[in-house]
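Undergrad: Encoded as structure tokens, here's the structure I'll be asking about.
Coordinate-derived values only; no laboratory data. Just so you know, these numbers come straight off a predicted model, no measurement behind them. Methodologically, a virtual Cβ is constructed for each residue, glycine included, from the backbone with ideal geometry; neighbour enumeration extends over all protein chains shown.
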Amino acid sequence: MMKTFSIGGIHPSDSKISKDCKIEVLPVPSKVFISVAQHLGAPATPVVKAGDQVKVGQVIAEPAGFISAYVHSSVSGTVKSVGPRKDLAGNNMTHIEIDVEGDEWIEGVDLSDTLVTAIPEDNKAILEKIKMCGVVGLGGATFPAHVKLCPPPGKVAECLILNGAECEPYLTSDNRIMIERSKEIVIGAAIMKQVLGGCKTVIGIEENKPEAIAAMTAAVAELQKTAKGYDGISVMTLKKKYPQGGEKQLIDAVMGRQVKSMGLPIDVGAVVQNVATSLAVYEAVQKNIPLITNVMTITGDCLPMEKQHNYKFRIGMPLSYIAEYAGGVPEQAAKIISGGPMMGKAIANMDATTVKGSSSLLYLTAEQTVRGVESACIRCGKCAEACPMGLEPFLLQKYARNNMMDELEENAVQDCIECGCCLYSCPANIPLLDIIRIAKGDVIRIIRTRK
Amino acid sequence: MERLLVSPSPHLHTKTSTKSLMRDVVIAMIPAVIVSVLFYGWSELLVLGVSVASCVLLEYLITKYLLKRPCTVGDMSAVVTGILLALNLPATTPWWVVFIGAVVAIGVAKMTFGGLGQNLFNPAIVGRVFLLISFPTYMTDWTRPQGFIGGGLDGLSGATPLGLAKEGGVAAIEGLDYMDMLFYNIGGSAGELSAIAILAGFVYLLARRVIRPYITLSILATVAVFSGIFWAINPAEYTDPVFNLLTGGVLLGSVFMATDYVTSPMSNVGGIIFGVGIGIITMLIRYFGAYPEGMSFAILIMNSVVPLINKVCHAKKYGRA
């Protein structure tokens, strides 16, 4: 029996159209705009000014707090300006504009293809490298990786879960890196496992990625045979169900444990990291390469096969540049998503630039994405059946529309993971998550002020 | 692409809509409808036609002229009510009685409460029970009209098996062939003719994920267990479980009426409590009540406690054991 999470979930078509498109490297444009807010937490503080010369991999912004991260230049050249620019949602954020000149990297970076399998012994040095290289979680939340790898005192990591579920429809970047960079990912996992005290490590991959499962299994087997420090790592095939890649759901699927409300994965002995994060850890620790690249999928049903791509991009590249390079925005595209269709963000501004966590340009047609007219709730219970947190969205939306904060809290609106299963499932087109999301924010604020 | 659409996630939506769900319920009722028309002929077609047409027309008129709201007949829920009402009436019901049933079902039970999703009671059952109490003669006239097949039964009059059992006890139904009842019943409402036809609809609804099995199965299990216990104690006085499952409205009610989204509990546990309640009340009426059949009353009574059930029964939440 393949494992999966126990409550709710939905089965949308996985639409992995670009799963066989090999990773291609995007050429560097003449100009990049690097945002200082590429991670969860406080935006980083710029440490360069107009006129400065920078190299690839040089720190251009420093963390502005515990939950924050370094940002590095993805190109070499001259800093043109440091100032506000609109991000993909259309909000102003400080960006560092750099005119590209050549491609000169900082010292000490190993750009060769040689695989470094020996894991350094000093855990402190490893954590420092992960932090200095600006590694953040690349599964969506972009939480600084080194913070997650330092369990608070008294908490012990029992299992490191590598998230290769890629449960969002359309996205194939994780699938590609698991096929093309499998060994690097396993080495990254072994490094994190060592830092966490040598706990068991499980790489969870959904059944719809057989090539990735085979590649990762082979990589684990080979590394276990040829190098030290790879014991206790295994690949687990998971049943295809959205949102398997949700942290709480993945812990339930892999370990059979559930994180308490408002709790952290480490409370049940789990640390979850995305496979792309593991690759970034490998590059940071073994190659001294800071996190300035990632892989994104260019896809959509309205794109012909030859225009489907998986690109290795550098941070700061304008989305319009990437779309143009990939063959242009298709005529039928009504909405462009950055991220998956379930939790990704609709792009309001194609002049926005790539960030560490960018994962796609997904073109959806009007027919696919325009919502139907809202009609009366028929109390079918499909939203509650779909909710992977076991919540009752039909009830929460009613309480939310009437501002009933106590009832919202009692019915656990704060546990909502915003996966979108409820809104996806509703036959009456009720904007459940839109309403619940706002209520959740309000309730969490109330809970915080109480403390 | 001149302007980009921007909205919060999720950006995809299921193809299932209220209308597609209702259409699936209609499709699930087709086997029962076909059987009833085959055996009861033109008079059953007339009942069905009048019932569906008046339900749809009434909803249209009420939304348009009384409530002055967007018309909701497009969601097909009125069609479902229409067919269900027809299947719950004897095939001999005069057209004007059917029409009154539709007025009560749609006008009173559904639209007065605010339309689809707001009604406390199942509209079709309210319509049927209103007719049963107001026009008992028409509602218990089990004369079998000329059907398109099975003409040999033409003109056969008399009570339903449940009616016989109520009047004459277990002895009165001796010799009934249960295999016959599985395929076509001896008497009763039009939709109750064939257990197999109803079960085919049940399987379709489950396969299409329109309903969950809990309510239906808990009703059937409760009826079987309840009658099983009494029958085991005194088979001379109480009818047996198979008889109770196959006769009357138990199957029709448990598959198509008790599973109505609006008037049944939201959670699975709630559904089971709801089903057990319906089963017990049905059997209490059958064994000890004044009416031979209690399914309609049982569903209505349990409909009224659904809000309470919903208040107590919630889905199991993640991480809150």
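Undergrad: For a label point 7 Å from the Cα of A:Ile67 along Cα→C-beta, name the residues of the stretch A:266-306 whose backbone N is under 12 Å from it.
TA: In the stretch A:266-306, the label zone of A:Ile67 (backbone N under 12 Å from the point 7 Å along Cα→Cβ) covers no residue.
Undergrad: Aspartates and glutamates within cross-link reach of A:Lys228: Cα-Cα under 13 Å, excluding same-chain residues under 8 positions apart?
TA: Within the straight-line cut-off, A:Lys228 pairs with A:Glu121.
Undergrad: Okay, moving on. Hey, which of these cross-link pairs are over 19 Å Cα-Cα: A:Lys124/A:Lys225; A:Lys16/A:Lys183; A:Lys155/A:Lys260; A:Lys19/A:Lys209; A:Lys209/A:Lys241? Let's see the in-between values first.
TA: Working: A:Lys124/A:Lys225 27 Å; A:Lys16/A:Lys183 23 Å; A:Lys155/A:Lys260 15 Å; A:Lys19/A:Lys209 9 Å; A:Lys209/A:Lys241 13 Å.
Going by Cα-Cα distance, A:Lys124/A:Lys225; A:Lys16/A:Lys183 fall outside the 19 Å limit.
Undergrad: While we're here: In units of 2.2 N^0.38 Å, what is the alpha-carbon radius of gyration of the stretch B:259-301? Before the final figure, lay out each step's value.
TA: Numbers: Rg = 11.1 Å, N = 43, 2.2 N^0.38 = 9.2 Å.
Relative to the 2.2 N^0.38 Å estimate, the stretch B:259-301 comes out at 1.20.
Undergrad: Would you mind checking A:Lys129/A:Lys240; B:Lys15/B:Lys68; A:Lys148/A:Lys335; A:Lys3/A:Lys312; A:Lys49/A:Lys312; A:Lys248/A:Lys356 for any pair whose Cα atoms are more than 26 angstrom apart? Spell out each step's value before the answer.
TA: Working: A:Lys129/A:Lys240 35 Å; B:Lys15/B:Lys68 29 Å; A:Lys148/A:Lys335 34 Å; A:Lys3/A:Lys312 32 Å; A:Lys49/A:Lys312 28 Å; A:Lys248/A:Lys356 23 Å.
The answer is A:Lys129/A:Lys240; B:Lys15/B:Lys68; A:Lys148/A:Lys335; A:Lys3/A:Lys312; A:Lys49/A:Lys312.
Undergrad: Follow-up question, since we're still on this one. Restricting to DSSP H runs of at least four residues, report the calculated mean residue ellipticity at 222 nm for chain B, -39500 (n - 2.57) per run over all residues, nearest 500 deg cm²/dmol. Walk me through the numbers on the way to the answer.
TA: Working: 12 runs with 171 residues, N = 321.
Result for chain B, helices only: -17000 deg cm²/dmol.
Undergrad: For A:Lys55, which lysines qualify as cross-link partners when the Cα separation must be under 16 Å and same-chain residues fewer than eight apart are set aside?
TA: A:Lys31, A:Lys80
Undergrad: For A:Lys31, enumerate residues with amide H under 5 Å from its amide H, sequence gap 5+ or separate chain, H modeled in the peptide plane.
TA: Amide H neighbours of A:Lys31, under 5 Å, 5+ apart: A:Val100.
Undergrad: Find the relative contact order for chain A and round it to a whole percent, using C-alpha pairs within less than 8 Å whose residues are 6+ positions apart. Let's see the in-between values first.
TA: Numbers: 1023 pairs, mean separation 88.5, N = 451.
The normalised contact order for chain A reaches 20 percent.
Undergrad: To continue, here is another question. Kindly provide the helix-only [θ] at 222 nm of chain A, computed as the sum of -39,500 (n - 2.57) over DSSP H runs of four or more divided by all residues, to the nearest 500 deg cm²/dmol?
TA: Details: 14 runs with 130 residues, N = 451.
Roughly -8000 deg cm²/dmol at 222 nm, from the helical runs in chain A.
Undergrad: Residue-wise, which Karplus ³J(HN,Hα) couplings in Hz belong to the stretch B:267-283, taking 6.51 cos²θ - 1.76 cosθ + 1.60, θ = phi - 60°, and x for glycine or proline?
TA: Running phi through 6.51 cos²θ - 1.76 cosθ + 1.60 with θ = phi - 60° gives 8, 5, 4, x, x, 5, 4, 4, x, 4, x, 4, x, 5, 4, 4, 5 Hz.
Undergrad: Apply the Karplus parameterisation 6.51 cos²θ - 1.76 cosθ + 1.60, with θ equal to phi minus 60°, to every residue of the stretch A:35-52 and state each ³J(HN,Hα) to the nearest whole Hz, in sequence, with x for glycine and proline.
TA: Whole-Hz 3J(HN,Hα) from phi for the stretch A:35-52: 6, 8, 10, 10, 8, 6, x, 5, x, 6, 9, x, 10, 10, 9, 3, x, 5.
Undergrad: Convex hull over the Cα atoms of the stretch A:245-394, averaged projected area in nm²?
TA: Values: hull surface 49.6 nm².
It is 12.4 nm².
Undergrad: May I pose another question? Taking the Cα centre of the stretch B:1-111 as origin, sum charge times position over the Cβ atoms of Lys and Arg (+1) and Asp and Glu (-1), and report the length of that vector in debye to the nearest 20. Before the final figure, lay out the partial values.
TA: On the way: 8 positive and 5 negative charges, 71 e Å.
In debye, rounded to 20, the stretch B:1-111 gives about 340.
Undergrad: Let me ask another. Could you compute the FRET efficiency for A:Arg257 and B:Ala232, with r as their C-beta to C-beta distance and R0 at 60 Å, rounded to 0.05?
TA: 0.85
Undergrad: Along the charge dipole of the stretch B:18-139, which of B:Leu45, B:Gly82, B:Ala32 sits closest to the positive end, that is, farthest toward it, with unit charges on the beta carbon of Lys, Arg, Asp and Glu (+1, +1, -1, -1)?
TA: B:Gly82
Undergrad: If I take every Cα pair under 8 Å that is 6 or more residues apart in the stretch B:18-139, average their sequence separation and divide by the length, what percent do I get for the relative contact order?
TA: On the way: 158 pairs, mean separation 32.3, N = 122.
The normalised contact order for the stretch B:18-139 reaches 26 percent.
Undergrad: For the stretch A:117-156 and the stretch A:300-317, what is the separation of their C-alpha centers, rounded to whole Å?
TA: What the calculation gives is 30 Å, centre to centre.
Undergrad: Next up: If you average 1/r across every pair of different Cα atoms in chain B and take the reciprocal, what Kirkwood value do you get, in Å? Before the final figure, lay out each step's value.
TA: Numbers: mean 1/r = 0.0491 Å⁻¹.
Hydrodynamic radius (Kirkwood, Cα only) of chain B equals 20.4 Å.
Undergrad: Take every Cα-Cα distance within the protein assembly as shown, group them into 10 Å bins from 0 onward, and report for each bin the whole-number percent of pairs it holds.
TA: 3, 13, 20, 19, 15, 12, 9, 6, 3, 1, 0
Undergrad: Going Cα to Cα from A:Lys398, which aspartates and glutamates come in below 12 Å? Please leave out same-chain ones fewer than 8 positions away.
TA: Reachable aspartates and glutamates: A:Glu407.
Undergrad: Is there a quick way to get the dipole size of the protein assembly as shown? I mean about its Cα centre, with the Cβ of Lys and Arg at +1 and of Asp and Glu at -1; what is the value in debye to the nearest 20? Present the calculation step by step, with values, prior to reporting the outcome.
TA: Numbers: 66 positive and 65 negative charges, 274 e Å.
In total the dipole reaches around 1320 debye.
Undergrad: Considering the Cα positions of the stretch A:120-202, please state its Rg to one decimal place and its Dmax as a whole number of Å.
TA: My reading of the Cα-based Rg and Dmax gives 13.4, 40 Å.
Undergrad: Moving on. Inside 10 Å of the C-beta atoms of A:57-66, what's the mean count of C-beta atoms belonging to other chains?
TA: Across the residues of A:57-66, the mean count of other-chain Cβ atoms within 10 Å is 0.
Undergrad: Taking H as built 1.01 Å from N, whose amide H comes closer than 5 Å to the amide H of B:Ser194, not counting residues under 5 places away?
TA: B:Asn185
Undergrad: Using the alpha-carbon atoms, what tilt in degrees (0 to 90, nearest 10) does helix B:195-207 show relative to the longest principal axis of chain B?
TA: Between helix and principal axis, roughly 20 degrees.
Undergrad: State to the nearest 20 debye the size of the charge dipole of the stretch B:196-321 about its Cα centre, where the only charges are +1 on K and R beta carbons and -1 on D and E beta carbons. Numbers along the way, then the final one.
TA: Working: 8 positive and 4 negative charges, 158 e Å.
It works out to roughly 760 debye.
Undergrad: What's the angle, to the nearest 10 degrees (0 to 90), between helix B:295-312's Cα axis and the longest principal axis of chain B?
TA: Here the helix axis deviates by roughly 40 degrees.
Undergrad: A follow-up question, please. Using the 2.2 N^0.38 Å rule of thumb for compact globular proteins, work out how the stretch A:382-450 stacks up: its C-alpha Rg over that value, please.
TA: The stretch A:382-450 yields a ratio of 1.01.
Undergrad: Taking all pairs of different Cα atoms in the stretch B:18-139, averaging 1/r and flipping that mean, what Kirkwood radius in angstroms comes out? Mind showing how you got there, number by number?
TA: Numbers: mean 1/r = 0.0703 Å⁻¹.
Kirkwood hydrodynamic radius for the stretch B:18-139: 14.2 Å.
Undergrad: Let me ask something else. Rg/Rh for chain A to two decimals, with Rh computed the Kirkwood way over all alpha-carbon pairs. All intermediate terms of the calculation are to be shown ahead of the outcome.
TA: On the way: Rg = 21.6 Å, Rh = 22.6 Å.
Over the Cα atoms of chain A, Rg/Rh equals 0.95.
Undergrad: What's the FRET efficiency of B:Val312 with A:Thr449 using the Cβ-Cβ distance as r and R₀ = 30 Å, to the nearest 0.05? Could you put the intermediate results ahead of the total?
TA: Working: r = 31 Å, r/R0 = 1.04.
The computed FRET efficiency comes out at 0.45.
Undergrad: In vacuum, with every alpha carbon of the stretch A:319-451 counted as one equal point scatterer, what does the Debye formula give for log10 I(q)/I(0) at q = 0.20 Å⁻¹? Two decimals, please.
TA: Debye intensities relative to I(0), on a log10 scale: -1.10.
Undergrad: What is the set of long-range amide H partners of A:Thr45 at a cut-off below 5 Å, with H atoms built 1.01 Å from backbone N?
TA: Amide H neighbours of A:Thr45, under 5 Å, 5+ apart: A:Glu62, A:Ala64.
Undergrad: May I ask for the net charge around A:Ile7, where only other residues with Cβ less than 9 Å from the Cβ of A:Ile7 are counted and Lys, Arg are +1 while Asp, Glu are -1?
TA: Numbers: positive: B:Lys316, B:Lys317; negative: A:Asp252.
With Lys, Arg at +1 and Asp, Glu at -1, the neighbours total +1.
Undergrad: What ³J(HN,Hα) values, in whole Hz, does the Karplus curve 6.51 cos²θ - 1.76 cosθ + 1.60 give for the stretch B:246-256 when θ = phi - 60°, with x put for Gly and Pro?
TA: 8, 9, x, x, 4, 5, 4, x, 6, 8, 9
Undergrad: Let me ask something else. Of the listed peptides A:384-391, B:72-79, A:329-336, B:36-43, what is their order by residue-averaged count of other C-beta atoms within 10 Å, with the highest listed first? Numbers along the way, then the final one.
TA: Details: A:384-391: 23.9, B:72-79: 22.4, A:329-336: 19.0, B:36-43: 20.8.
Taking the mean over residues of other Cβ atoms within 10 Å, the ranking is A:384-391, B:72-79, B:36-43, A:329-336.
Undergrad: Okay, next question. Which whole number gives the average count of other chain Cβ atoms within 10 Å of the Cβ atoms across peptide A:385-391?
TA: Values: counts 6, 1, 3, 1, 5, 7, 4.
Average per residue, whole number: 4.
Undergrad: When Cβ neighbours within 10 Å are restricted to other protein chains, what is their mean count per residue of peptide A:366-379? It would help to have the intermediate numbers written out before the result.
TA: Values: counts 1, 0, 3, 6, 4, 5, 4, 1, 0, 9, 10, 6, 11, 12.
Going residue by residue through A:366-379 and averaging, the value is 5.
Undergrad: Below 10 angstrom from the Cβ of A:Gly164, what's the summed charge of the other residues (Lys, Arg +1; Asp, Glu -1)? Spell out each step's value before the answer.
TA: On the way: positive: A:Lys209; negative: A:Glu166, A:Asp174, A:Glu206.
Net of charged neighbours comes to -2.
Undergrad: Just to be sure I understand: of the beta bridges DSSP finds with both ends in the protein assembly as shown, what percent are antiparallel, rounded to 5? Write out the running numbers ahead of the final one.
TA: Details: 35 of 60 bridges.
Antiparallel: roughly 60 percent of the beta bridges in the protein assembly as shown.
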